[in-house]
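Chemist: Structure in structure tokens, see below.
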Amino acid sequence: MCLVLLILPIVHPGEFQAFTIMDQNRDGFIDKADLRDTFAALGRLNVKNEELEDMVKEAPGPINFTVFLTMFGEKLKGTDPEETILNAFKIFDPEGKGHIKADYIKEMLMTQADRFSQEEINQMFAAFPPDVSGNLDYKNLCYVITHGEEKD
């Protein structure tokens, strides 16, 4: 696991808050002990030393706030949000058709992980209505989310 991916779930409005959360001993640096404590706070208790060492080795030196920001930016640079979103939808489309039954995605969004409310589902389907067969074109949805306009 990458050091930056560990903090993504706890990043709030500012990167400094994420850094402060991870700097458990408040010494201004993130080290293996801080990473172990952060994992423990997230419910993962049996992290191998090798995994922690690999994370710390990603940095060019001690991980202070400046190094943390640089690492964070490097991990995010070059990522393709459209591809990331598509990959999430593809989990529900094992045949790779490019669409998912609207009823199925509604059920998943309302019962799994960060559950959508009925109002959020209504908003999504108002913006991206299913076709006449009841399918949601998630490839077009992903394109619109990341580019702001529909494909021709």
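The values are calculated or read from the model by the stated rules, or taken from the named source; none is laboratory data. Predicted model only: the values in this text are computed from it and were never measured. Don't worry about glycine lacking a Cβ; one is built from the backbone with ideal geometry, like all the others, and counts go over all protein chains shown. These area figures cover heavy atoms from the full protein model, side chains too; ligands, DNA and RNA do not enter into them. Shrake-Rupley method; radii C 1.70, N 1.55, O 1.52, S 1.80 Å.
Chemist: Not counting ligands, DNA or RNA, and with a 1.4 Å probe, what is TYR104's accessible surface area in Å² rounded to the nearest 10?
Modeler: In the full protein context, TYR104 sits at about 90 Å².
Chemist: If each of ILE145 and GLU50 carries a label point 7 Å out from its Cα toward its Cβ, how far apart are those two points in nm?
Modeler: 3.5 nm
Chemist: Heavy atoms only, probe 1.4 Å: what % of the accessible area of segment 99-139 goes to carbon and sulfur, would you let me know? Spell out each step's value before the answer.
Modeler: On the way: 1430 of 2780 Å².
Of the solvent-accessible surface of segment 99-139, carbon and sulfur hold 52 percent.
Chemist: How much length is gained on full extension from GLU107 to ASP31, taking 0.36 nm per residue of separation minus their Cα-Cα distance?
Modeler: Values: separation 76, 0.36 × 76 = 27.36 nm, distance 4.16 nm.
Extra length from GLU107 to ASP31 when fully extended: 23.2 nm.
Chemist: Considering only protein heavy atoms, what is the solvent-accessible area of GLU120 at a probe of 1.4 Å, reported in Å² to the nearest 10?
Modeler: Here the residue's solvent-accessible area equals roughly 80 Å².
Chemist: Wrap a convex hull around the Cα atoms of segment 80-131, take a quarter of its surface area, and give that in square nanometres.
Modeler: Averaged projected area of segment 80-131's Cα convex hull equals 4.0 nm².
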